[in-house]
Structures are given as structure tokens and as C-alpha cells.
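Read the structure below first, then the notes.
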Amino acid sequence: MKIKFLDLKTQYNSIKSEIDDAIADVISDSSFIGGDKLEHFNNNFANYLGVKHALGVANGTDAITISLKALGLKEGDEVIVPANSFIATSEAVTAAGYSIVFADCLQDYYTIDPDDLERKITQRTKVIIPVHLYGQPAQMDKIMKIAKANNLLVLEDCAQAHGATINSIKVGTIGDIATFSFYPGKNLGAYGDGGAIVTNNEEYFKMSKMYANHGRIKKYDHEFEGVNSRLDTIQAAILDVKLKYLTNWNKARLGVARKYSELLGSIENITLPSEYEGTVPVYHLYVIRVEKRDELMIFLKDKGIDTGIHYPIGLPFLAAYSRFNASREDYPVTFNNQNKLLSLPIYPEMTDEMAEYVAEKIREFYGI
Ligand SMILES: *Cc1c(COP(=O)(O)O)cnc(C)c1O
């Protein structure tokens, strides 16, 4: 059996006519930038999350940079980000003109460690960026408490967690502002790049909108220099179709995750994903912690199963951040997990038989 890491084609085929019609509509309108269809998606996405405002932008990385700009920090202010994430989270901090401070991650949940986060707070700290990594909500109860006590703002990076909930509340509605990516492989993916900023705060929304649009509200009335970061109307039309399916797709991912956990639960060498109290994750990734990770990966590849590593090098240990001189003792959890984490294939269209095949081959590898 051949099992791809993700399968966008099967998903497209399941909604082909609706998608093709949505694209054809935009082209026949020839309203490629802005317009009703973009507004429609922005509103539907905001309603889906239960937040006042959503603003489509060019990608998830821009969404973080623009949100940070909208929060109105001063140059050199510090922003705390988790040591295990995709580089976009930290890169955006630099792009916005602020200073990155890394905090280690939790061993069982992989999201930012609230205790280490608290230790990293200084006079210059202004923002915390929890990442709802792999679709697992970060420990927002603790993070919001720390933020309040220290007068910090919270930007949720929800790039991997469209629809994940904490006590039935969707992530992206808990902090001051939040960002999403619509990169094709994300739980809600466009057919190209896309991203969004969401917030209940009028001022942050207005500033984000202006910054993403050359610092203006009206055509040539630029109040400051911004950037050009737009969600294409074709992408918005595609996302609007896909948004209707997101709840079911997330449920299907959860089903695959439950199946994996049931089948792999008894294997000693494997630590399964943990779910934090009150949360319903959306399993953008199903990440296990294993011994002999690299051998297992090659073994599975040989059996036709694609897997991934998220992430092979923790952010502080990347060449891009050599200036921090990070040592393994600084971020022990992130460092130790680098050689142990393995992401198994997961997507809504995966069948029980496929998950069973993956589990069977993993058992075979460990001789069980
Ligand atoms: C994908 C991703 C981003 C960036 O999204 P792009 O749309 O690719 O720019 C940011 N943060 C995390 C955690 C991501 O996984």
C-alpha cells in the first residue's frame, strides 16, 4: 500500500465541481483583487471562529508580521515565541522590527512551556506568541494569566489549528489578536498562498487593515508606510467553499488520530500525543515520540509510507539564529525531541485501512 503524507488531490476531487464553479465565477466577474467574494469569506471565517473581525492577507507569515505591527510596539521590544515551531513564527518578529526571545516547549504537549515563558519575561517583553502546534491548543489558561499579571499582549499563531477548541471556544479568539495560514497543506488550505488576521479589537483590526494596504484606508491617503499583503479573490472563493467542510474534515482527522492512538497505544517505545484538559485538537499533524526515529522513518518509507519531522531542528538551534548561541541546556525539551519526533500521515480522506496499515508496519519495525 502507498500512503502519502498528505493527499490534496483526493480532497479536490471530492468537491471539484463546487471549486471549479467558484474559480470560474471570479474569473468571469474579473474582480481579482478585493470585492464581494473576499468580504464574504472574511465574514464567514470570522463567524466560523466566533470573532468580530477577519482580514485575509497574502500568507500566514505576513499575518504574524502585520499583527505585530498593529499591536504598536517600539523597536527592540521583546516577543516570546516557542522554541519548537515553524520559522515563520520567529521570523515575523524580526520582520516587524522586534526582538525574539525563545521559550522551551512542554514535553507532553509540545506547545510553549508556561513556566519557561514566565522565566523569560523582562522589562522589555511586550507580546507572547503561543503556537497551537500540530493542531493542539497551547495552555491558554496559564498563558493568559501570565499575560495579565505582566501586562503583555497575546498573539495566537493558529496556522496549524483552524477550528481547534478550548472549552468549546475556538482558538484564535482568546488572545488579543490571532493569525492563520491557508497554505495548501493546512487544515483549511487555499490553492496557493493565503493567510488571515482575526481580532475582536477595533483598533488592532483597523491598524492591521491599514498596514496590509500600504498604510491607507482611502485610495491615495497613506497615513504611514505599510506593505501590500492581500488574500487573492480566487483564493478567498476557494476557501469559502472549503470552509463549509472544515468541521467535518477536522472530525475525520480526529477519527484517524483516535484510530492511531488505539492501535499504537500498547507499544512501549512510542509516546502518543497527549490532549490538554478541555481541548479538542484538530490534528494538523499526528506526532509521536519514538526511539530509533530515523531507522523507523526509513523502514516506513520502504513500505510505501511517507512520514515527516516537525521540526528536525528547534528554532534556537538553526543557523539563522546562531547569534543566540543556544545550548541544549537552554531548551532541553526541544533539543531532546529533535531526534525523536515523527509525524505520521494524517488527512481527512485517510481510511481506517490506511491507518491500520501504518500501525501494522510500525509494530513490525519494533517486532511486536
Ligand atoms: C504554516 C505556518 C506559518 C506560516 O504560514 P505561511 O502561510 O506558510 O506563511 C506560521 N506559523 C506556523 C506554526 C505554521 O505552521
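The values are calculated or read from the model by the stated rules, or taken from the named source; none is laboratory data. Predicted, not measured: the structure shown is a model, and the values here were computed from it. Note that we place each Cβ from the backbone using ideal geometry, even for glycine, and neighbour counts take in every protein chain shown.
The table below lists the values:
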{"read-out": "Selection from the range 68-86 of residues that are within 13 Å of the ligand (Cβ to nearest atom) and under 20 Å from Ala196 (Cβ atoms)", "value": "Leu68, Val81, Ser85, Phe86"}
{"read-out": "Residues that are among the aliphatic types (A, V, I, L, M), in contact with a Ser or Thr (Cβ under 9 Å, 6 or more places away or on another chain) and either surrounded by fewer than 20 Cβ atoms within 10 Å (Cβ to Cβ) or over 24 Å from Gly194 (Cβ atoms) (or both), drawn from the range 109-139", "value": "Ile112"}
{"read-out": "Conditions (1) assigned to a loop (DSSP other than H, G, I, E, B); (2) over 26 Å from Asn187 (Cα atoms); (3) touching a strand residue (DSSP E or B) at 6+ places or on another chain (Cβ under 7 Å): number failed by Pro316", "value": "(1)"}
{"read-out": "Residues satisfying the stated conditions in the range 1-16, i.e. of a type outside the set (S, T, N, Q) and in a helix (DSSP H, G or I)", "value": "Leu8, Lys9, Tyr12, Lys16"}
{"read-out": "Qualifying position, being more than 14 Å from the ligand (Cβ to nearest atom), of a type in the set (Val, Ile, Thr) and modelled with pLDDT of 95 or more, among Thr122, Thr89, Thr111, Thr65", "value": "Thr122"}
{"read-out": "Residue check for Gly195: touching a helix residue (DSSP H, G or I) at 6+ places or on another chain (Cβ under 6 Å), in contact (Cβ under 8 Å) with a residue 40 or more places away in the chain, closer than 17 Å to Lys52 by Cβ and within 13 Å of the ligand (Cβ to nearest atom)", "value": "no"}
{"read-out": "Check on Gly60, more than 24 Å from Leu341 (Cβ to Cβ) and within 12 Å of the ligand (Cβ to nearest atom)", "value": "no"}
{"read-out": "Test: Glu39 is away from the ligand (no atom under 16 Å from the Cβ) and under 30 Å from Ala96 (Cβ atoms)", "value": "yes"}
{"read-out": "Which numbered condition Gly163 misses (of (1) within 11 Å of the ligand (Cβ to nearest atom); (2) at positive phi; (3) in contact (Cβ under 8 Å) with a residue 60 or more places away in the chain)", "value": "(1)"}
{"read-out": "Subset tally (residues that are closer than 22 Å to Lys74 by Cα, within 19 Å of the chain's Cα centre (by Cα) and surrounded by fewer than 17 Cβ atoms within 10 Å (Cβ to Cβ)) for the range 94-108", "value": "1"}
{"read-out": "Residue that is farthest from Ile129 (Cα to Cα) [pool: residues in the range 17-70 that are more than 20 Å from the chain's Cα centre (by Cα) and outside any helix (DSSP H, G or I)]", "value": "Ser30"}
{"read-out": "Top-ranked residue in the range 92-108 [being part of a loop (DSSP other than H, G, I, E, B) and of a type in the set (Gly, Ala, Ser); ranked as farthest from the ligand (Cβ to nearest atom)]", "value": "Gly97"}
